[in-house]
Amino acid sequence: MRTIEEALRKADVWYPKRGDICWVNLDKRRPAIILSIDQLNKYALDVCVIPTTSERHEEFPTRVLLDEGEGGLTEKCWAKCDQPTTIEQNRVDSLIGKMPPEKFDEIQERVKQSLGFSKI
């Protein structure tokens, strides 16, 4: 269990921010978009992410295309908005870039659709 002092020390160091694109270690090392809010990310041991994939699946209307160069990505991929995932922050490797606001809005809407909070 973390102490208050440990949490306060962590607040002074880098942490993933909402909308960041980071390398994460899931089933393999892949880019993911940070979904959880900064107020949690700053102090929590875990973070909610949207993983990406290089595989296009036509049957998943909740996937969002991310073009090469967007937010610092080096290749085209899809945000897997149907698979919001919580991981420990020690599995977040490094920052790639920041998701453009209009694209992050689209990702948020597709996550809501995937979870049944809005209609597809």
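Every number in this text was worked out from the coordinates using simple rules, so none of it is lab data. For clarity, every value in this text was computed on a predicted model and none was experimentally measured. Cβ coordinates were reconstructed from backbone atoms using ideal geometry, including for glycine residues, and neighbour counts include every protein chain displayed.
Between Trp23 and Glu68, what length comes free when the chain is fully extended (0.36 nm per residue of separation minus the Cα-Cα distance, one decimal in nm)?
14.7 nm
Counting Lys and Arg as +1 and Asp and Glu as -1, each charge on the Cβ, what is the dipole of the chain about the Cα centre in debye, to the nearest 20?
200
Spin-label pair Lys42-Leu95: with each label point 7 Å from Cα along the Cα-Cβ axis, the two points sit 1.5 nm from one another.
Annotation: amide H of Ile96 within the under-5 Å range of Ile21, Cys22, Trp23, sequence separation 5 or more or interchain, hydrogens built in the peptide plane.
Just add up the charged neighbours of Thr53: K/R +1, D/E -1, any other residue whose Cβ is under 10 Å from the Cβ of Thr53. Residues close to Thr53 contribute a combined charge of +3. Both radii are taken from the alpha-carbon atoms of the chain; with Rh as the Kirkwood radius, Rg/Rh is 0.99. The listed peptides 85-93, 99-107, ordered by packing as a protection proxy, come out as 99-107, 85-93 (highest mean of other Cβ atoms within 10 Å first).
For the chain, what is the relative contact order in percent, using Cα pairs closer than 8 Å and at least 6 residues apart in sequence?
On the way: 222 pairs, mean separation 31.6, N = 120.
Result for the chain is 26 percent.
Residues Ser36, Ser94 in ascending order of nearby Cβ atoms (within 10 Å, fewest first): Ser94, Ser36.
Rounded to the nearest whole Hz, the Karplus-based 3J(HN,Hα) values (6.51 cos²θ - 1.76 cosθ + 1.60, θ = phi - 60°) of segment 79-86 follow the sequence 6, 8, 5, 7, 9, x, 9, 9, with x at glycine and proline. Its Cα centre serving as origin, segment 20-60 has a Cβ charge dipole (Lys and Arg +1, Asp and Glu -1) of approximately 200 debye.
Taking other Cβ atoms within 10 Å as a rough exposure proxy, Arg18, Arg63 sort from fewest to most as Arg18, Arg63. For Ile107, neighbours were defined as the other residues whose beta-carbon sits under 14 Å from its Cβ, and their charges (Lys and Arg +1, Asp and Glu -1) total -1. Residues considered: Lys17, Lys76, Lys98. Largest GNM mean-square fluctuation over the chain, using C-alpha springs under 10 Å, is found at Lys76. Relative to the longest principal axis of the Cα atoms of the chain, the long axis of helix 101-114 lies at roughly 80 degrees.
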